[in-house]
Amino acid sequence: MATERALDEFVTEANEILDQLAKDLFVLDQERGREPDPERLNAIFRGAHSLKGLSAMFGVDRISRLAHRAEDVLDALRLGKVPLDDRLIDTLIETLDMLQALLARVSQGTSAPDIEAGADHLQDRLGDLAKGRANAAEDLLDQVGLDPAMRSVFTEYEEHRLRENVKKGVGLWKVRAVYSLEDFDAQLAALNARLKPLGEVVSTLPSSQPGDEASIAFDLVFGSARPRADLEKALEGATLAPLTSRPAPEVTKVGRPLPPETSSPAPRPAPKWDETSASGFSPFPESPGSALRLAPDASLRSLTQTVRVDIARLDGLMNSIGELLLIRSNINRLAESARQVGTGVALPKLWGQELQREARALERKLDELQKGVLDVRMVPLGQVFDKLTRLMRRLVRESGKDVDFEVSGGDVELDKLIVEELSDPLMHLLRNSLDHGIEPPEVRRLHHKPTRGKIRLKAREQGNQVIIEVGDDGGGMDEARIRQVAVERGLVTEAQAQELSRRDLLNLVFLPGFSTRADVSEMSGRGVGLDVVKTNLQRLSGLIDIDSRRGDGTTFTLTLPLTLAIIRALMVSVSGRTYAVPLSSVMEIVSVRHADLKTIERREVFEVRGQTLPFVRLGRVFRLPEQPRERSYVVIIGLAQQRIGLAVDELLGQEDIVTKPLSGRLRAVPGVSGATELGDRRAVLVLDVGALMEELLRPQAAAS
Amino acid sequence: MSVHKVLIVEDSRATRELLAAALGELDGVEVHLAISGFEALKVLPRHRFALIITDINMPDINGLELINFVKKNPHYKETPLFVVTTEGRPQDRDRGLQLGAAEYVVKPFEPADISALVKRYLKLG
Amino acid sequence: MSRFAELLDRFFYRPDEAVGAFLELAPETEALPEAAPEELPEEFLAFELAGETYAVPIATVREIQKVGDVTEVPRAAPNLIGLINVRGEMLPLYDVKRRLDLADAVPVVRSRKDVGRGARVVLVKDPEGDAGILVDRVQGVVKLNLSRLESAPQLGVERDAVAGLSRKDGHLYILLDLEQALS
């Protein structure tokens, strides 16, 4: 890969690096047993690092690998993770010799099998040495009150040096110097020379304030045990200020607080990929098979024991079951009232008891029938996965990108209605992975990713839910860009955008109005229609979550109930209207006196067992006429960690209801996901708990 | 046709030459070189750069500090940056992106690939 | 736009698109023929709205019902009167008078008691979802000669909901454009 001339350049530069390394190691050798100068250790580390990078760029792998191992050891060394003992110094010196030998061979153009064996051996020894003890968990820097903006720029090494200074109990200072652009490097060198005898310069940070075109400011983070007066003598025009707003432990320093810098959020430790993805990278278990275990490629057609059923007939059956359920509740009610009335009059009471027995028998049979019909409605996801696979294969071919499409979990079964409604959202997500997730091949190479991209579609059962994952190993979402777009489109304010957690930030892409088609090609992410995907899923009582890391890829996780058709619901009444609340989302029901309500930031809240929850008047949300009341029943609904209390007027009992999704033009109604039929044939709306929670928890939603 | 000025900040001379050669072949690109962070600070006010490609590990100020400086400076903050990291240090990549780099590149890389990336990014030809 | 982008553009998901088509599913409902004035069948259902006679092609009519229970739907479109239960199917019931500027407000209808004796629900088929419209009275099926279709005179705002006018036996029938009337 390198030309003749380039190789010479490489050899020259590599020699320079090795010469410097030799000098530094020599000093280290001489000063055995003494505390090493951190700057020198850092310089040696940087030498190994530079050599590694340089030789890798020129394809000289032997040197690169050895330098890499050395770099690891030296990194551990400068971070205080391993001690500098004789064994380490000796090994480093041997490594230097080896590197010089290898370089000599490279420049001569000869190979060196004899040396190479030695190099491998040395690599192993370095590997062992690099295993050091982990650093103690408690972080002094947190206690010291460091400006988060500054801390976010520090490298691990600089933090380590700062920590060491804190441990030693020396004072921490910020030295600010403003120099002209012409000669700042010389001036800085001079300043450093004056400061070095007095302590340690941990970091040199260029600053834009003041914003003068011809000058540039620097903030030097400096640790010193000397009193202020001594330090000021060395400054010559630079200014001195204490670095932190709180005294370092064991050291008391009085100082004026730092002027506030333009803030950037305090950095959280970069989350590991597998901590944050909804399903983690645990190996995807094969879904538990049903009695018919299908081979991966088998289609339903190859089994002779199946019958094709017209979905309309199934719907008819479901309707019948629905009606039977209604009849059952009617019978229950009759039996209940008959039993009560019966005190003192023998016949009605006995009759009531018999009636109740019959009702129970009916209930058992109905359960069986219901289960049976529901089972018939269950179809394997493979039906839609197969179609998606065919389509993806075509799209991948047409795109010209090199992509592996992995599918699994096709034998997971779901209600046919849900499966059919899934094909659109899944197709949408997959298309976006292909178009915008997977990077062009040269970019993937620059990212050291295999040129072959991966898009995966996986399903698995989890309790009475199904989890479907659509993911890719592409470029991931650009958080900065998401923040920018969200603010531009007025979806959040600048201040709110800074406060958002990573997960919340990513979830902004689901907001309607997030991006137009025109934007999509610029972002290395997605945008078009994701709000539609989310609302479609919500209508199916499903959830969608997103996790993405720049450079690693993006994963969408869809959570769906196994079946929609019949659910247990809590019937409530608000301003005379009846609504059904799916019981699976109801955590608790309490009664609250309006006199006990409080207001926080213009929102009503109430207390239950020490917890304060939002008190949301459903009547107000639905803009229904309100009557003043003294108390309300509060249905506490929850999803994940969030809870809110929906205030209603009356509780009307629980019912098993057959839910019909609202289709066509009624899809757009917010907060309502379907309707059901009651005994008197009245249609009653079923609340969309997920959508309501989201609507009510949004920052802009004020209790009005 | 307007010219796009690209600044390469890299302390390894040989690597610098490789990059300059590769990018120099692109039509409409004028390559500028800085051998250290300090050099970059000096050069910044002199030209309006369409793109800055910076290594991380450099003697005086490191690449992350340079990115931070550029992104926080009202005069330069619109300038996109690519951060060059090395294999096995995803934390550098994450930090670089967090501080505002538009793209990241992992060493070692083929100069032709970075050429293609720059060409696509600057929408050349 | 690159050639690939053009090709892919056909498959781009648009929120208003019936995406099912390209997944090669056999359609479960028949596709409706696009209604263009030249192709309208001759038979129409005529009904009364505020004393005027309107008509829609008979092929679009699914059924006619008496007004039953209507469930209120919170925060829905203003022209939605409510939800009706048609043998288990939950369908929207719309008011069109407001849209045609024949009334100032959408009426509150919860049951038969809230409407006149002749009032009916005309259920129409629509690709966006079947729906019912509330009418004052149904007159019956009428054959109209479309070659004599007149365009609506300056009627103002509601003009786009009207597809045209037709006269027969001295009566004026106003042809309703359903898609506009329901939007």
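General remarks:
- Taking the range B:107-125 as the range and being over 18 Å from B:ASP55 (Cα atoms), in a helix (DSSP H, G or I) and under 14 Å from the mean Cα position of the chain (by Cα) as the test, the residues that pass are B:LYS119, B:TYR121.
- Being crowded, with 22+ Cβ neighbours inside 10 Å and either assigned to a helix (DSSP H, G or I) or without any contact (Cβ under 8 Å) to a residue 60 or more places away in the chain (or both) holds for only one residue in B:LEU23, B:LEU66, and it is B:LEU66.
- Being within 13 Å of chain A (Cβ to nearest Cβ) and of a type in the set (Phe, Trp, Tyr) is a property that B:PHE69 has.
- Filtering the range A:348-400 to residues that are loosely packed, with under 15 Cβ neighbours inside 10 Å, modelled with pLDDT of 80 or more and among the acidic types (Asp, Glu) leaves only A:GLU398.
- Among residues of the range A:159-196 being among the charged types (D, E, K, R), outside any loop (DSSP other than H, G, I, E, B) and within 12 Å of chain B (Cβ to nearest Cβ), the one that is nearest to A:LEU235 (Cα to Cα) is A:ASP185.
- Qualifying position, being hydroxyl-bearing (Ser, Thr, Tyr), assigned to a loop (DSSP other than H, G, I, E, B) and facing chain A (nearest Cβ under 9 Å), among B:TYR76, B:TYR104: B:TYR76
- Among the residues of the range A:390-421, just one is of a type in the set (Ser, Thr, Tyr) and over 12 Å from A:ASP435 (Cα atoms), namely A:SER408.
- Where A:ARG397 falls short, out of the listed (1) touching a strand residue (DSSP E or B) at 6+ places or on another chain (Cβ under 9 Å); (2) more than 10 Å from chain C (Cβ to nearest Cβ): (1)
- Top-ranked residue in the range C:67-116 [being of a type in the set (Val, Ile, Thr) and farther than 29 Å from A:SER320 by Cα; ranked as nearest to the other protein chains (Cβ to nearest Cβ)]: C:VAL108
- Candidates A:ARG87, A:ARG32, A:ARG69, filtered to the one that is in a helix (DSSP H, G or I) and either within 10 Å of another protein chain (Cβ to nearest Cβ) or surrounded by fewer than 19 Cβ atoms within 10 Å (Cβ to Cβ) (or both): A:ARG87
- When the residues of the range A:487-516 are filtered to those that are touching a residue at least 40 places away in the same chain (Cβ under 8 Å) and crowded, with 20+ Cβ neighbours inside 10 Å, the one that is nearest to A:HIS447 (Cα to Cα) is A:LEU506.
- Tally of residues being surrounded by fewer than 20 Cβ atoms within 10 Å (Cβ to Cβ) and more than 24 Å from A:THR535 (Cβ to Cβ) across the range A:406-432: 3
- Filter result for A:ASP552 (farther than 30 Å from A:ARG629 by Cα, within 14 Å of chain B (Cβ to nearest Cβ) and among the acidic types (Asp, Glu)): yes
- For the range A:213-235, a residue qualifies if it is more than 24 Å from B:ASN62 (Cβ to Cβ) and out of contact with any helix residue (DSSP H, G or I) (no Cβ under 7 Å at 6 or more places or on another chain), and the qualifying residues are A:ALA214, A:ALA225, A:PRO227, A:ARG228, A:ALA229, A:GLU232, A:LYS233, A:LEU235.
- Taken over the range B:83-103, residues that are within 16 Å of A:GLU439 (Cα to Cα) and crowded, with 21+ Cβ neighbours inside 10 Å amount to 1.
- Within the range B:1-23, tally of residues that are more than 14 Å from every other protein chain (Cβ to nearest Cβ) and either within 30 Å of A:ALA186 (Cβ to Cβ) or of a type outside the set (A, V, I, L, M) (or both): 5
- Residue satisfying all of: in the range A:452-486; more than 25 Å from A:PHE514 (Cβ to Cβ) and either of a type in the set (S, T, N, Q) or at pLDDT below 85 (or both); surrounded by the most Cβ atoms within 10 Å (Cβ to Cβ) among these: A:GLN465
- Breaking point among (1) acidic (Asp, Glu); (2) in contact (Cβ under 8 Å) with a residue 24 or more places away in the chain; (3) assigned to a strand (DSSP E or B), for A:GLU607: (2)
- Filtered residues of the range A:660-691 (kept if facing another protein chain (nearest Cβ under 10 Å), under 26 Å from A:LEU334 (Cα atoms) and not in a strand (DSSP E or B)): A:LEU678, A:ASP680, A:ARG681, A:ARG682
- Considering the conditions (1) surrounded by 20 or more Cβ atoms within 10 Å (Cβ to Cβ); (2) more than 26 Å from A:GLY490 (Cβ to Cβ), A:GLY690 is excluded by exactly one of them, (2).
- Under the condition of being within 10 Å of A:LYS401 (Cβ to Cβ), free of Cβ contacts under 8 Å to residues at least 40 places away in the same chain and crowded, with 23+ Cβ neighbours inside 10 Å, the residues counted in the range A:433-451 number 1.
- Looking only at the range C:48-66, residues that are at pLDDT 90 or above and within 14 Å of another protein chain (Cβ to nearest Cβ) come to 2 in all.
The values are calculated or read from the model by the stated rules, or taken from the named source; none is laboratory data. The structure presented is a predicted model; accordingly, all values stated were derived computationally and were not measured. Quick reminder, even Gly has a Cβ in these numbers, built from the backbone with ideal geometry, and neighbours come from all protein chains shown.
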